[in-house]
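Some notes on the structure that comes next.
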Amino acid sequence: LLIWQAGLIPPSLAARLTSWTADFQLGDVRGVDINDANFAVLERLAHWQAAIDMARYNFWFGVGFGNYGPAYAEFALLNWVNPLGHAHNYYLNLLAEVGMTGFIAYAFLWLTVAYQTVRLIRRLDWPYRGLALGLMAAWSSLAVHHLLDKLYVNNIYLHLGVMFGLLMLLAGEQKHGHYDSSSL
């Protein structure tokens with residue numbers, strides 16, 4: 001940030017880093033002219049807008065888990081009739097499908113996982129601390145990726161299960177001071 005403010009970033013790089021902000025603005029996309037340059041961004045924003053409308057329709061419980069696609073036709077914007085299966089923002093998608101109740105439960109799950117991971121990073125010795133840091137990196141990248149797309153595809157559940165298992169093994173390591181296979 002200091003390098004940016006001091007003007008030490010080359011103008012071409014600064015232009016590339018800020019060019020996305022021209023198209024990427026939250027708001028009603030129905031009145032925006034569609035062209036080849038902004039189509040992908042507007043399509044994503046249209047799906048976000050539809051997800052927000054779904055969430056408003058049934059704030060507490062949503063339209064039902066997995067029902068973004070089937071419910072999309074009722075909330076679709078004029079130029080965006082293809083449901084694409086999800087909202088391209090998992091948080092909005094979750095809010096649309098399971099409402100605030102499910103969203104709070106999901107947030108509680110990940111806040112708990114993050115808390116446990118940070119706790120282990122502080123308490124474990126190397127190399128176990130390195131594993132915990134790797135898990136935190138995975139959780140963080142998943143959280144950031146969900147801002148722009150849904151990553152729960154292609155059997156990622158299997159990978160998450162393995163990572164949750166590693167987290168629990170590390171918690172056992174921290175509690176007992178050594179790996180104990182009898183605790184499995």
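The values are calculated or read from the model by the stated rules, or taken from the named source; none is laboratory data. The shown structure was predicted, so the numbers you read here are calculated from the model rather than taken from an experiment. Note: ideal-geometry Cβ built from the backbone for every residue, glycine included; neighbour counts use all protein chains shown.
A few points about this structure:
- Subset of region 128-147 [of a type outside the set (G, A, S) and surrounded by 13 or more Cβ atoms within 10 Å (Cβ to Cβ)]: Y128, R129, L131, L133, L135, M136, W139, L142, H146
- Residue within region 72-81 that is in a helix (DSSP H, G or I), closer than 28 Å to L170 by Cβ, without any contact (Cβ under 8 Å) to a residue 60 or more places away in the chain and not basic (K, R) present: no
- Q49 being in contact (Cβ under 8 Å) with a residue 24 or more places away in the chain, assigned to a helix (DSSP H, G or I) and touching a strand residue (DSSP E or B) at 6+ places or on another chain (Cβ under 7 Å): yes
- Residue match in region 148-162 (condition: farther than 30 Å from R56 by Cβ and in contact with a Lys or Arg (Cβ under 7 Å, 6 or more places away or on another chain)): no
- Scanning region 54-71 for residues that are in contact (Cβ under 8 Å) with a residue 40 or more places away in the chain and part of a helix (DSSP H, G or I) yields a total of 2.
- Residue-level check: of (1) hydrophobic (A, V, I, L, M, F, W, C); (2) assigned to a helix (DSSP H, G or I); (3) more than 20 Å from L147 (Cα to Cα), V98 misses just (3).
- Of all residues in region 107-127, those satisfying the criterion of being exposed (fewer than 15 other Cβ atoms within 10 Å of the Cβ), in a helix (DSSP H, G or I) and of a type outside the set (V, I, T) are A107, F108, L109, W110, L111, Y115, R119, R122.
- Every pair of residues 6+ apart whose Cβ atoms lie under 6 Å, when the first sits in region 22-35 and is at pLDDT below 65 while the second is surrounded by 10 or more Cβ atoms within 10 Å (Cβ to Cβ): D23/N38; D23/V41; F24/V41
- None of L147, L131, L111, L94 is touching a residue at least 40 places away in the same chain (Cβ under 8 Å) and of a type in the set (A, V, I, L, M) except L147.
Residues are listed down the side, and each one gets a yes or a no for (1) more than 25 Å from D33 (Cα to Cα); (2) surrounded by 13 or more Cβ atoms within 10 Å (Cβ to Cβ); (3) under 16 Å from the mean Cα position of the chain (by Cα); (4) at pLDDT 95 or above:
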{"site": "W60", "(1), (2), (3), (4)": "yes, no, no, yes"}
{"site": "G64", "(1), (2), (3), (4)": "yes, yes, no, yes"}
{"site": "Y72", "(1), (2), (3), (4)": "no, yes, no, yes"}
{"site": "W80", "(1), (2), (3), (4)": "no, yes, no, no"}
{"site": "P83", "(1), (2), (3), (4)": "no, yes, no, no"}
{"site": "H86", "(1), (2), (3), (4)": "no, yes, yes, no"}
{"site": "L92", "(1), (2), (3), (4)": "no, yes, yes, yes"}
{"site": "A96", "(1), (2), (3), (4)": "yes, yes, yes, yes"}
